[in-house]
Amino acid sequence: MKIIVPMAGRGSRLRPHTLTVPKPLIPVAGKPIVHRLVEDIVGVLNEDIDEIAFILGDPAFFGDEVVESLKALATSLNAKPTIYRQLDPKGTGHAIMCAKDSLSGPAVIAYADTLIRADFDLDKEADAVIWTKKVANPEAYGVVNLNDKNEIIELVEKPKEYVSDQAVIGIYYFKDVSQLKNELQYVLDNNIINGGEYQINDGIKRMMAAGKIFKTGTVDEWMDCGNKEVTVETNQKMLGFLSDANYPLISENISNENSKIFEPCFIGKNVILKNSTIGPYASIGEGTVIVDSTVKNSIIQTNSKIKNANLDNAMIGNYATFDGKFTNVSIGDYSELK
């Protein structure tokens, strides 16, 4: 089994946090989004992974540090790491085809801007599985249309009339991903464009037209990381899941001087807390110093300095300095607000 992860986008909706760090490497509950996503998929598949291929953008942004991080992730899962580049952003289908040398055999394709919680058996008799989540407002999503055999017969984008309440979340399984590759090659060769780009859906629709059987794999939780508000909400949910599973979240190597911690929280190593209240649902990155402050339901990344703050629903980047009375803040890397 292979895992293919397109992650070349710049994450503009999550700025300023993605001005210096690619969105898939933004930490949620103390671990980068893409690391959590891949590890969760491996857990659901429950089988050996031969290769994990990452499709990155411009090396000037997705540089050596990013590459080494992703290679280490794949190696930790006993998989071969492979790095591809999408230098010209031409859509989801184009991104996948940038990894065409890895598009053979069984594979999962997962876009690295979402997190899941799932527990189901993958239907490997189907030619493909599209992972979905039941939603209350399907008109806001791309949804699947099912026949009486619960096979997917159509993909409908933001339907004006009810089709189903199963939204596509951007994770796919293909029994032989070379079939998708062949159809996407046709899409590229014939310049089939939707929304100004080459889309994975056009390759999938061609597979359906050729009689391939698509089924659904329904996840229990689908957590978005598209912008600051939902990323903070996802951090809260993930901390709850990890706490319920008794996962160790607070480093033993922290300095706590007259401070209270209300779990669940993630607190990285070498964090210094003085006269502060932390949590619940706060994630504090390695090396951060928090003094005379209250921090809850927030994400603070590494090596930042927080003083005289009352933070709630906040997101602060790496090496930032914040000293003030604002509560709901969003500050990027190396920023100062005093």
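Of all residues in the stretch 300-314, those satisfying the criterion of being in contact (Cβ under 8 Å) with a residue 40 or more places away in the chain and touching an Asp or Glu at 6+ places or on another chain (Cβ under 9 Å) are 301, 313.
The set of residues from the stretch 171-220 being open to solvent by less than 60 Å² (accessible area, probe 1.4 Å), more than 17 Å from residue 127 (Cα to Cα) and either in contact with a strand residue (DSSP E or B) (Cβ under 9 Å, 6 or more places away or on another chain) or in a helix (DSSP H, G or I) (or both) comprises 187, 188, 219.
Close contacts from the stretch 207-219, counting a first residue that is of a type in the set (S, T, N, Q) and modelled with pLDDT under 95 and a second that is open to solvent by 60 Å² or more (accessible area, probe 1.4 Å) and in a strand (DSSP E or B), with Cβ to Cβ under 8 Å and a gap of 6+ residues or different chains, come to 218/134. Among the criteria (1) under 24 Å from residue 37 (Cβ atoms); (2) open to solvent by less than 20 Å² (accessible area, probe 1.4 Å), the one residue 165 does not fulfil is (2). The condition (being over 23 Å from residue 26 (Cβ atoms) and at pLDDT 95 or above) is satisfied by just one residue among 307, 274: 274. For the stretch 127-151, a tally of residues being open to solvent by 10 Å² or more (accessible area, probe 1.4 Å) and touching a Leu at 6+ places or on another chain (Cβ under 7 Å) returns 1. Given the condition modelled with pLDDT of 80 or more and touching a Lys or Arg at 6+ places or on another chain (Cβ under 7 Å), answer yes or no: does some residue in the stretch 3-25 qualify? No, that holds for no residue. Residues considered: 153, 109, 171. Of these, the only one that is touching a residue at least 24 places away in the same chain (Cβ under 8 Å), over 25 Å from residue 225 (Cα atoms) and of a type in the set (Val, Ile, Thr) is 153. Within the stretch 90-105, the set of residues being in a loop (DSSP other than H, G, I, E, B), open to solvent by 30 Å² or more (accessible area, probe 1.4 Å) and either closer than 24 Å to residue 33 by Cβ or free of Cβ contacts under 8 Å to residues at least 60 places away in the same chain (or both) comprises 90, 98.
The values are calculated or read from the model by the stated rules, or taken from the named source; none is laboratory data. All values reported here derive from a predicted model rather than from experimental measurement. Reconstructed Cβ throughout: ideal geometry from the backbone, glycine too, with neighbour counts over all protein chains shown. Remember, those area values only see protein heavy atoms, side chains included, never the ligands or the DNA or RNA. Shrake-Rupley method; radii C 1.70, N 1.55, O 1.52, S 1.80 Å.
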